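See structure below.
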Amino acid sequence: MARIRVLVVDDHRIFAESLAAALAAEPDVDVSAAGSGPAALRALERAAAEGRGYDVLLVDAELGARTGGGELPAVPAPRPEEPAAVDGIALVAGVRAARPAVRSVVLAEKDDPRAAARALQAGASGWVAKDCSLQRLLSVIRGVLRDETHLPPALLTGVLRELTAARKHRSESERLVESLTPREREVLRCMVAGLGRKAVAERLFLSPHTVRTHMQNVLGKLGVHSTLAAVALARRAGVGPVGPEAGPSGRDVVERGGQLAQ
């Protein structure tokens with residue numbers, strides 16, 4: 001019998017232990033639990049190194065949002081390359097990018113079309129209520145391993161609406177970014193990286209005055225009034241931060257592909 005390896009990721013101790021115990025009673029399921037995003041990433045890494053990687057992650061939609069009693073015990077401090085905290089959606093996105101064979105299912109306490117749409121965009125294969133039956137959850141686990149996507153019927157219309165709106169906003173953001181000159185796109189990438197005017201000037205071998213002019217032009221063409229708004233729009237368009245090795249190359253910075261669940 002082929003066994004399904006499941007990792008429950010939830011910082012609510014009682015829920016995590018109860019769910020893990022219920023799943024472990026199934027003859028074809030092996031289950032472990034992690035109490036935080038970094039702990040889950042370490043568990044995935046260890047399992048892969050041992051040649052027995054996980055098949056499905058069950059991720060709390062509110063991972064990292066709780067404080068006070070009820071959390072799992074503190075985990076060891078993360079290594080320098082690991083984030084100190086990872087929320088549920090960020091964990092789904094990271095696992096999807098690093099380990100595409102692993103399927104993620106988000107467990108939620110309430111129906112939220114916007115959050116569910118974000119989860120699908122991040123790479124989740126399902127959104128399930130925490131109070132669903134064990135048989136329903138097992139059906140979803142087995143379904144996502146057949147490349148199915150599972151959503152509660154009551155959420156479907158709202159999620160489709162959110163995904164359509166996100167796609168529209170992305171298209172509009174891409175159009176605005178494409179109106180920038182190559183130099184303005186480089187400046188925008190520096191803004192996304194969080195560089196100030198002086199740092200941008202040093203990186204691109206420009207005077208601070210010239211950088212100021214470029215930044216003003218970027219804000220004007222994007223139709224926004226602040227650097228934060230420009231960065232938010234750039235991220236919607238798929239613009240990444242300037243890399244440590246980058247210089248004044250003038251290349252197109254719009255990264256297209258794979259951002260929305262299709």
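The values are calculated or read from the model by the stated rules, or taken from the named source; none is laboratory data. Since the model is a prediction, treat every value here as computed from it, not as a measurement. Neighbour counts run over all protein chains shown; Cβ positions are idealised from the backbone, glycine included. These accessible areas exclude ligands, DNA and RNA; they are computed on the full protein's heavy atoms, side chains included. Shrake-Rupley method; radii C 1.70, N 1.55, O 1.52, S 1.80 Å.
By average Cβ neighbour count within 10 Å, what is the ranking of 224-236, 48-60 from highest down?
Per-residue Cβ counts within 10 Å, averaged per peptide and sorted highest first, yield 48-60, 224-236.
Skip the ligands, DNA and RNA, and give the accessible area per residue of region 92-150 with a 1.4 Å probe, whole Å².
Ligands and nucleic acids excluded, the result is 47 Å² per residue.
Can you give the extra length, in nm with one decimal, that the chain gains between D111 and R161 once fully stretched, where that is 0.36 nm per residue apart less the Cα-Cα distance?
Gain on extension, D111 to R161, equals 16.5 nm.
Using label points projected 7 Å from each Cα along Cα→Cβ, tell me how many nm separate A229 and T210, to one decimal.
Between A229 and T210, the label points sit 2.8 nm apart.
What accessible area per residue comes out for region 166-222, rounded to a whole number of Å², with a 1.4 Å probe?
Result: 52 Å² of accessible area for each residue.
What distance in nm separates the two pseudo spin-label positions at S18 and E148, each 7 Å out from Cα along the beta-carbon direction?
Here the modelled spin labels are 2.6 nm apart.
Ignoring ligands, DNA and RNA, what percent of the 1.4 Å accessible area of region 89-133 is carbon and sulfur?
Here carbon and sulfur together make up 48 percent of the probe-accessible area.
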